[in-house]
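This report refers to the structure that appears directly beneath it.
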Amino acid sequence: MNQRTILVTSALPYANGHIHIGHLVEYLQTDIWVRFQRLRGHRCVYMCADDTHGTAIMIRARQEGTTEEELIGRMNEAHRRDFAGFDIQFDNYGSTHSPENRALCQEIWSAIRRAGLVSTQQVEQLYDAQAGTFLADRFVKGTCPKCAAPNQYGDSCDRCGAHYSPTELVDPKSTLSDTTPEVRTADHLFINIERLHDFLTEWTRSGDHLQTEVANYLAGHFLNEPLHDWDVSRPAPYFGFEIPDSPGNYWYVWFDAPIGYMASTRQWCDRRGERFDDWWRSDRTEIHHFIGKDITYFHTLFWPAMLKTSGFSLPTKVHIHGFLTVGGEKMSKSKGTFILASTYLKHLNPSYLRYYYASKLGPRVDDIDLNLDEFVARVNADLVGKVVNLASRTAKFVEKTGLSAVYPADGGLFDQAARDGQAIAEAYEQCDYNRAMRLVMAVADRANQYIEHAEPWNLRKDPAKARALQDVCTIGLNLFRQLAVYLAPVLPRLAEQTGALLHQPIARWDESRTPLVGTPVARFEHMLTRVDPKEIEAMIDESRAADEPQATVSAWDDGPEPLAAEPLAETCSFDEFVKVDLRVARVVEAEAVPQADKLVRLTVSLGGDKRLNVFAGIKSAYAPEDLLGRLVVCVANLAPRKMKFGTSEGMVVASGTGGKDIFLLSPDAGAKPGQRVH
RNA sequence: GGGCCCGUAGCUCAGCGGUUAGAGCAGGGGACUCAUAAUCCCUUGGUCGGAGGUUCGAAUCCUCCCGGGCCUACCA
């Protein structure tokens, strides 16, 4: 067999969230395919990375009071951990926020420039002056200009379905700062992709690059009319890479994200001493992308166009899968079906999900459903009842003797299963895993029938039939080993356990064609336990519980704006905190400072005869007479500060943005002046 | 609003123009007891979402309708 050289990618998960079981459909589908190719003896590498750029990351970092780099670094670690927990094995897992990616973006961008495909066009957009950022449609809310429904997003109305641009909204508000955004115009850079129209028409239709339904979809929806220019830049502020020949503008996240596939490859090449061009500029290397149907457009039109223009290899195939539903419905946080990878791993064995998805996945774009009852039934019946059971019911009879020295007559069972390997391999190759699993289970059924018929448990009773017993178990274990080979892409752990049981590691698909004889057999240990439905319940409960704090927050309807407007300060140690001596104090004198716009002069008592003279900038919100007698919290050990009107010996703490929007803190009833706030 | 996909036995799906529509699981009956109450044999069960049409012939092709799912809304 000719050895193929194959580069495989999965879509880059966005650094804005954790991996959940919906994501895993894709990474498991890809990992199985990669493992299959390697088992077949091909050279196959699997590249992935985090997709880290864009407005959403920028805003989230702000809301969490952290930097984008810290946020994406944390997510990168979490993603790697989750993938590893599911035995998903990348050759390299990088980040789009890497020097390699920046360099490749630059290289591809230059090529697109040289090809004369870039133009500058003015784009009108709402701008939030307080947050200092342009607003995507979903960051603007206002009243629908058609039906006057309040609280509608900037693009269309949920109530009447009207379409409009965010500039048409009545009384628009930024969801970031709750201020009224202004209309601003900015220059954006566009790629004239229409110039590649003929190339794309040809590419999408030829060479099995796409599933037929995808090719038809593109032909009927995009390629039947001129392609719009693609807006690939965003004005500052934007978390991403600044475009070197267009200062102040950044590459749109969808420009640099797919280039992340290449950047990840480059990191791997540098580490392994490989030549990058052997992978991305070679006719001999196949490139396979696995993606979800939602990002079809980017991977089948823009991406090939970018690669073509910059002289890199085009994808051999873009494999597109559907989405996951749970119990026939979209994953739901409140129903507990929005299950994070990490939550799953706390309760269940990853092999279960690997097998279950394999048993559901086909080569089409169809959605797949995770039915939890079926999940239990499939795993228990197929994996434990049929497959593992084969070893379980034969291995112990040959623990002492090992396998027969010569493979016995088995009525053609082994040969038939070896021949089935062909069809199973084809199914894997086509990503028709559910067909592959059905074929494998048919082999398992025949093997169980054979054991049933041969009755090793009766042979065992007669010492004269020891030889026959050994032969029957040799056959049973060899059929089992074939299954382990066929399932190895899906269940790498089972393949390893089988290797250990029979003292012969499974490394090649072709090992399913030659019976193993004469080897010792290790003591049998359970390879996979049955799914306990209680664990599923516990997992669902935990997923539902994870949603509850959020539900509480939303019930109070507290918006994220204040925190966004003033991000958290850097971490402060306890020692630093205790330096600040906060005390409960009573206002015993209060007078406005006539010459000052904002100041009120207070005398606060810390109990006994301890008094502090404090100037507070609260005139616009509090009348001095209303303050007399009330309790406040003040910073009592603040260094005195000389002001025009006297010396301020402390600070009265308050929140708010200023003006009428100032709120003094007061302790609950019972607090006494002079008590420290800890 | 636009679009894509699906609707075949209780459940999950295969079949995608041609003999009486299949599988696994579940259900019912039996066998076995080696095995993680696993396995084996037999068996019940469907007017292929609905209505039209094309055809000698349709679950399979076309149209419409109904039901479900999903995506999309600085981009289509």
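The values are calculated or read from the model by the stated rules, or taken from the named source; none is laboratory data. Everything numeric here is computed off the predicted structure, so don't read it as measured data. So basically every Cβ, Gly included, is an ideal-geometry build from the backbone, and we count neighbours across all protein chains shown.
Note down all Cβ pairs under 7 Å where the first residue falls in the stretch A:209-233 and is under 29 Å from A:Ser119 (Cα atoms) and assigned by TED's automatic domain parsing to the domain that holds A:Glu124, the second is of a type outside the set (D, E, K, R) and near RNA strand B (Cβ under 9 Å from one of its atoms), and they're at least six residues apart or on different chains. Hits for this filter: zero, empty list.
Consider the stretch A:321-360 and keep the residues that are modelled with pLDDT under 90 and assigned to a strand (DSSP E or B). The one that is nearest to the chain's Cα centre (by Cα) is A:Leu324. Looking at the stretch A:611-633, can you tell me whether even one residue there is buried (at least 20 other Cβ atoms within 10 Å of the Cβ), under 21 Å from A:Asp668 (Cα atoms) and in contact with a Gly (Cβ under 8 Å, 6 or more places away or on another chain)? No, that holds for no residue. Of the numbered criteria (1) on the phi > 0 side of the Ramachandran plot; (2) touching a strand residue (DSSP E or B) at 6+ places or on another chain (Cβ under 9 Å), the one A:Gly41 fails is (2).
Of A:Val517, A:Val521, which residue is of a type outside the set (Asp, Glu) and within 16 Å of RNA strand B (Cβ to nearest atom)?
On inspection, the qualifying residue turns out to be A:Val521.
Checking A:Ser95 against (1) more than 23 Å from A:Thr9 (Cα to Cα); (2) within 15 Å of the chain's Cα centre (by Cα), which test does it fail? Result: A:Ser95 fails condition (1) only. From the list A:Glu452, A:Glu496, which one is of a type in the set (Asp, Glu) and at pLDDT 95 or above? Being of a type in the set (Asp, Glu) and at pLDDT 95 or above holds for just one of A:Glu452, A:Glu496, which is A:Glu496.
Given the criteria closer than 17 Å to A:Glu100 by Cα, touching a Phe, Trp or Tyr at 6+ places or on another chain (Cβ under 9 Å), among the hydrophobic types (A, V, I, L, M, F, W, C) and within 13 Å of RNA strand B (Cβ to nearest atom), does A:Ala305 qualify?
Numbers: closer than 17 Å to A:Glu100 by Cα: no; touching a Phe, Trp or Tyr at 6+ places or on another chain (Cβ under 9 Å): yes; among the hydrophobic types (A, V, I, L, M, F, W, C): yes; within 13 Å of RNA strand B (Cβ to nearest atom): yes.
No.
Residues in the stretch A:198-227 that are within 8 Å of RNA strand B (Cβ to nearest atom) and closer than 25 Å to A:Gln106 by Cβ: 1 in all.
Quick one: which of A:Arg481, A:Arg508 is modelled with pLDDT of 95 or more and surrounded by fewer than 22 Cβ atoms within 10 Å (Cβ to Cβ)?
Numbers: A:Arg481 fails: surrounded by fewer than 22 Cβ atoms within 10 Å (Cβ to Cβ).
Checking each option against the conditions leaves just A:Arg508.
Within the stretch A:228-252, restricting attention to residues that are near RNA strand B (Cβ under 9 Å from one of its atoms) and in contact with a Gly (Cβ under 8 Å, 6 or more places away or on another chain), which residue is nearest to A:Glu286 (Cα to Cα)? The residue in question is A:Tyr252.
Of the residues A:Ser392, A:Ser342, A:Ser351, A:Ser359, which is crowded, with 22+ Cβ neighbours inside 10 Å and either near RNA strand B (Cβ under 6 Å from one of its atoms) or polar (S, T, N, Q) (or both)?
On the way: A:Ser392 fails: crowded, with 22+ Cβ neighbours inside 10 Å; A:Ser342 fails: crowded, with 22+ Cβ neighbours inside 10 Å; A:Ser351 fails: crowded, with 22+ Cβ neighbours inside 10 Å.
Among A:Ser392, A:Ser342, A:Ser351, A:Ser359, only A:Ser359 is crowded, with 22+ Cβ neighbours inside 10 Å and either near RNA strand B (Cβ under 6 Å from one of its atoms) or polar (S, T, N, Q) (or both).
Restricted to the stretch A:247-270, and to residues there that are more than 19 Å from A:Phe302 (Cβ to Cβ) and over 25 Å from the mean Cα position of the chain (by Cα), the residue that is surrounded by the fewest Cβ atoms within 10 Å (Cβ to Cβ) is A:Pro247. The residues on offer are A:Gln121, A:Gln125, and the sole one that is within 16 Å of RNA strand B (Cβ to nearest atom) and buried (at least 20 other Cβ atoms within 10 Å of the Cβ) is A:Gln125. In the stretch A:364-383 there is no residue that is within 19 Å of A:Ile475 (Cα to Cα), within 13 Å of RNA strand B (Cβ to nearest atom), among the β-branched types (Val, Ile, Thr) and assigned to a helix (DSSP H, G or I). Restricting the first member to the stretch A:363-387 and to residues that are polar (S, T, N, Q), and the second to residues that are more than 6 Å from RNA strand B (Cβ to nearest atom) and not in a helix (DSSP H, G or I), the beta-carbon pairs closer than 6 Å and six or more apart or on different chains are A:Asn380/A:Val531.
Within the stretch A:68-90, the set of residues being surrounded by fewer than 18 Cβ atoms within 10 Å (Cβ to Cβ) and touching a helix residue (DSSP H, G or I) at 6+ places or on another chain (Cβ under 6 Å) comprises A:Gly85, A:Asp87.
Scanning the stretch A:1-24 for residues that are surrounded by fewer than 22 Cβ atoms within 10 Å (Cβ to Cβ) and over 29 Å from A:Thr67 (Cα atoms) returns A:Met1, A:Asn2, A:Gln3, A:Arg4, A:Thr5, A:Ile6.
Could you list all residues from the stretch A:406-454 that are among the polar types (S, T, N, Q), touching a residue at least 60 places away in the same chain (Cβ under 8 Å) and near RNA strand B (Cβ under 9 Å from one of its atoms)? Explain how you work it out, then say what you get.
Going through the stretch A:406-454, the residues among the polar types (S, T, N, Q) turn out to be A:416, A:422, A:430, A:434, A:448-449.
From the residues that got through so far, the ones that are touching a residue at least 60 places away in the same chain (Cβ under 8 Å) too are A:430, A:434, A:448.
The answer is A:Asn434, A:Asn448.
Of all residues in the stretch A:299-320, which are touching a helix residue (DSSP H, G or I) at 6+ places or on another chain (Cβ under 9 Å) and either surrounded by fewer than 17 Cβ atoms within 10 Å (Cβ to Cβ) or part of a strand (DSSP E or B) (or both)? Result: A:Gly311, A:Leu314, A:Val318, A:His319, A:Ile320.
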